[in-house]
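No lab work stands behind these numbers, since they all come straight from the coordinates. This is a predicted model, so every value here is computed, not measured. Note: ideal-geometry Cβ built from the backbone for every residue, glycine included; neighbour counts use all protein chains shown.
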Amino acid sequence: MPPPLLSRALDPILGVFTGVLAYTLYETHPRTAMPEELRLKSLLKWKYTRWQQERERKLLGTGDDTVDWQAIAANVEAEVDKEIRK
């Protein structure tokens with residue numbers, strides 16, 4: 001393993017900082033500038049909004065993925081009764 005440049009704790013921080021700085025410069029440089037809707041910030045906002053809507057739908061129970069636990073319990077009890085009767 002090569003020796004650390006600065007220290008074992010500071011090298012990963014320096015690497016992350018360098019990566020974030022490079023990506024920021026890539027997105028904002030006039031020659032490689034992306035449209036606003038394709039930038040990381042707007043994509044993260046879109047994903048976060050979508051996640052919030054799905055979470056809200058699940059918490060309110062208005063989605064198609066709601067489970068009827070009473071129906072499941074009734075089916076299990078019916079199957080157990082059938083097994084006992086055999």
Point to revise | Anchor LYS45: aspartates and glutamates whose Cα lies under 18 Å away (excluding residues fewer than 8 positions away in-chain) | key: GLU27, GLU36, GLU37, GLU54, GLU56
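Using unit Cβ charges (K, R positive; D, E negative) and no other charged atoms, how large, in debye to the nearest 20, is the dipole of the stretch 32-86 about its Cα centre?
On the way: 11 positive and 11 negative charges, 81 e Å.
So the dipole magnitude of the stretch 32-86 works out to roughly 380 debye.
Checking a compactness column here: for the chain, what do you get for Rg(Cα) / (2.2 N^0.38 Å), N being the number of residues?
Numbers: Rg = 26.6 Å, N = 86, 2.2 N^0.38 = 12.0 Å.
Ratio of Rg to 2.2 N^0.38 Å for the chain: 2.23.
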Review point. Add -39500 (n - 2.57) for each DSSP H run of 4 or more in the chain, then divide by its residues: what number comes out at 222 nm, to the nearest 500 deg cm²/dmol?
Key: -22500 deg cm²/dmol
Study note, to complete from the structure: Low-density loop trypsin sites (Lys or Arg not before Pro), the stretch 10-78, at most 12 other Cβ within 10 Å, DSSP non-H/G/I/E/B, are ARG31
Point to revise | Angle in degrees between helix 69-85 and the longest Cα principal axis of the chain, rounded to the nearest 10 | key: 50 degrees
